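The values are calculated or read from the model by the stated rules, or taken from the named source; none is laboratory data. Keep in mind it's a predicted model, so treat the numbers as computed, not measured. We place every Cβ from the backbone using ideal geometry, glycine too, and count neighbours over all the protein chains shown. Just so you know, the surface numbers come from the protein's heavy atoms only, side chains and all, with ligands and any DNA or RNA stripped out. Shrake-Rupley method; radii C 1.70, N 1.55, O 1.52, S 1.80 Å.
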Amino acid sequence: MRALVTGATSGIGLALARRLAAGGYDLVLVARDGDRLATTAAELHATHRVAGEVLAADLTTEAGLTAVEARLTQETDPVDVLVNNAGMGLPPGGYLGNPVQTSLTLNRLNVDSVLRLTHVALPGMLARRRGGLITISSIAGFVPGTPAITYSASKAWTTAFGEGLHQLLRGTGVTSTTVVPGFVRSEFHQRSGASTAGLPDWLWSTPQTVAETAVRGFDRAAPLVVPGTVWRTGYGISRLLPRRWSRAAFARLMSRTARSTSRKGADR
Ligand SMILES: NC(=O)c1ccc[n+]([C@@H]2O[C@H](COP(=O)([O-])OP(=O)(O)OC[C@H]3O[C@@H](n4cnc5c(N)ncnc54)[C@H](OP(=O)(O)O)[C@@H]3O)[C@@H](O)[C@H]2O)c1
């Protein structure tokens with residue numbers, strides 16, 4: 001079996017690549033930084049004896065998307081599992097405090113690339129009657145986190161899309177698992193310049209926990225998984241509360257990440 005993982009240079013994507021390699025998957029690693037991907041491919045080959053192809057591509061560009069689409073439709077060494085993981089957040093200021101182009105770029109990565117890559121990957125999987133999709137969404141898709149409302153909206157789309165695929169693919173031998181993490185220690189907040197100093201440790205999951213939950217969920221064809229006990233419980237409770245309460249509580253939480261930071265290096 002072979003999996004293509006987008007956003008495999010860091011965080012959740014890197015953990016997923018490692019977890020899938022440990023399970024015997026050959027990998028196609030996609031992100032912009034080809035050097036980091038090559039280092040990971042070498043590590044996975046040395047550790048697990050799996051093949052690691054590197055495909056450096058910017059998924060917000062037509063050229064990058066076309067290159068990954070071409071790999072997904074390749075008949076030799078076909079891709080059995082597509083992991084749509086690459087994603088970005090909004091800088092402090094959110095939707096209104098940044099140029100509209102920032103949200104449009106976010107949509108290209110968080111929404112359009114998922115839509116397009118899935119569309120080209122599925123026909124081959126359906127013909128082979130095996131494999132499927134792991135889609136990384138976010139708790140932010142359930143309730144809007146202000147001021148980054150276009151990020152939340154992109155993840156609401158992602159969750160609806162992933163769950164919709166699960167229904168659409170029933171009985172085909174191909175499955176779709178959507179993963180809905182809360183806060184995860186990765187490069188995500190650092191990249192968007194958001195401060196996480198106001199958030200307590202117990203709210204955070206590790207990329208490894210997310211990857212483990214994702215792969216286990218995929219193996220049992222679960223439609224949707226929420227990694228981490230805290231977030232799973234919070235998700236369960238929030239569904240029982242009036243929506244205005246969960247909306248207000250989550251907006252307060254997310255506003256703590258809306259401050260900018262000048263910290264260097266990974267956010268951990
Ligand atoms: N961290 C969290 O708290 C959290 C919570 C819920 C959901 N998520 C979701 O989890 C997913 C992974 O995020 P993460 O937390 O692991 O963040 P991360 O460490 O910042 O990883 C993001 C990955 O996406 C790649 N990427 C970014 N822009 C790209 C582009 N234009 N084209 C191709 N690849 C691109 C990055 O690699 P390059 O820079 O090399 O391109 C990197 O590999 C995202 O969809 C995010 O929305 C994160």
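Miscellaneous remarks
- The set of residues from segment 165-175 being part of a helix (DSSP H, G or I) and over 17 Å from the mean Cα position of the chain (by Cα) comprises 167, 168.
- Some residue of segment 182-189 being basic (Lys, Arg), open to solvent by 10 Å² or more (accessible area, probe 1.4 Å), more than 7 Å from the ligand (Cβ to nearest atom) and not in a strand (DSSP E or B): yes
- Residue in segment 14-25 that is open to solvent by less than 10 Å² (accessible area, probe 1.4 Å) and on the phi > 0 side of the Ramachandran plot present: no
- Test: residue in segment 121-129 that is more than 14 Å from the ligand (Cβ to nearest atom), touching a strand residue (DSSP E or B) at 6+ places or on another chain (Cβ under 6 Å) and not in a loop (DSSP other than H, G, I, E, B): yes
- Every pair of residues 6+ apart whose Cβ atoms lie under 6 Å, when the first sits in segment 41-54 and is open to solvent by 30 Å² or more (accessible area, probe 1.4 Å) while the second is acidic (Asp, Glu): 51/26
- Matching option when the condition is surrounded by fewer than 23 Cβ atoms within 10 Å (Cβ to Cβ) and among the hydrophobic types (A, V, I, L, M, F, W, C), among 83, 120: 120
Here's the yes/no breakdown for (1) open to solvent by 20 Å² or more (accessible area, probe 1.4 Å); (2) without any contact (Cβ under 8 Å) to a residue 40 or more places away in the chain:
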{"position": "207", "(1), (2)": "no, no"}
{"position": "210", "(1), (2)": "no, no"}
{"position": "219", "(1), (2)": "yes, yes"}
{"position": "223", "(1), (2)": "yes, no"}
{"position": "229", "(1), (2)": "yes, yes"}
{"position": "234", "(1), (2)": "yes, no"}
